[in-house]
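Read the figures in this text as sums done on the coordinates, not as results from a lab. Quick caveat, the model's predicted, so the values are computed rather than measured. No Cβ is skipped: glycine too gets one built from the backbone with ideal geometry, and neighbour counts run over all protein chains shown.
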Amino acid sequence: MSGWFELAWADIEDFISPPTLLLILRTLANIALIWLGSRLVHRFASNLIERLLRIQDGTPGDPRRAKTLGALVQSMLRYLIYFIAGTMILQELGIETSTILATAGLGGLAIGFGAQNLVRDVITGFFILLEDQFGVGDYITAAEHSGIVEEVGLRVTKLRDLGGELHIIPNGSIDKVTNHMGQGMRVLVRVTIPYEESLERTVAVLEDLFAGFAHPDLVEGPRLLGVSNLGESGVELLIWAKAAAMKQWGMERELRGMVMAALEKAGIKFGYPRRYLVWSADQGGGLVGPPKN
């Protein structure tokens, strides 16, 4: 027992000897410097990218593409910096990184055959960014979800719908995309008036209303296209306009309110479903109905 204790104590003395402690402290100091340096490099690179994005926002062109690519570059840069820092830390600990990298390469090749979905997500994400199909801030429909793009990465796309829910969609599942961000989004408003109302007077009231109407969100219009349908409730008139992207719904509500106020002021009624009961005195005061077979 005493012999084992002496051997253990000798090992401890060797471990806490000044040269060993100096080596440990130097290794820890190098690791701390490597970690601190990687954080500083990452922060400097992120600030540089943000500054370039701000410069891009002040130049002609679409700033959404710059923001999208900027977020992707920052993400890839973060992984690259931390990977290099991790490799340097392993070298400081005396671990041969060349063998690990070679093994990781073979393992990655083997995993690649089984991770086809991941590879498909990355390839699809690359072409989404390369072809600029959509960017951060766009309102799109993809994979049966509609929302505003918050982030576009190589693997996933994040959509925030109008209800506030966040949809994280793998890029490989995006087979088609509808981008609702155009130069002018169509606005259609339908107005129904009874057949008893004067069509000419209604058209004159609406045309006078639209003649002096201006709005910062309007790209074109509004215009009264004319009669679009003769329905059970009355004559349907169609109003057309173009609004800025993401402003079309608000413009529809505003136009409906304006049209309603203008027609009420002119004394023009709105059409609604009605039924007429015809009283026949020839058949004993009963209601006239469909003939019986």
Summed over the other residues with a beta carbon less than 12 angstrom from that of Val203, with K and R at +1 and D and E at -1, the charge totals -2
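In Å³ and rounded to a whole number, note down the convex hull volume per residue for the Cα atoms of the range 185-265.
Working: hull volume 7.0 nm³, N = 81.
About 86 Å³ per residue, rounded to a whole number.
Taking K and R as +1 and D and E as -1, what net charge do the other residues with C-beta under 9 Å from the C-beta of Lys269 add up to? Write out the running numbers ahead of the final one.
Values: positive: none; negative: Glu196, Glu197, Glu264.
Charge balance near Lys269 sits at -3.
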Taking 0.36 nm per residue of separation between Ala29 and Leu225 and subtracting their Cα-Cα distance, the length gained on full extension comes to 62.9 nm
Rg/Rh of the range 119-179 (Cα atoms, Kirkwood Rh), to two decimals, equals 0.92
Dipole check, the range 119-179, charges on Cβ (K,R +1; D,E -1), about Cα centroid: among Val122, Leu162, Gln133 the Cα furthest to the positive pole belongs to Val122
Given backbone amide H placed at 1.01 Å from N, residues whose amide H is under 5 Å from that of Gly271, ignoring those fewer than 5 places away on the same chain, are Thr192, Ile193
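Would you mind putting 228-236, 185-193 in packing order, based on average other-beta-carbon counts within 10 Å, highest first?
185-193, 228-236
Ranking request for peptides 79-89, 208-218: highest mean number of other beta-carbon atoms within 10 Å first, then the rest in descending order. Working shown, then result.
Details: 79-89: 14.6, 208-218: 12.7.
Highest mean packing first, the order is 79-89, 208-218.
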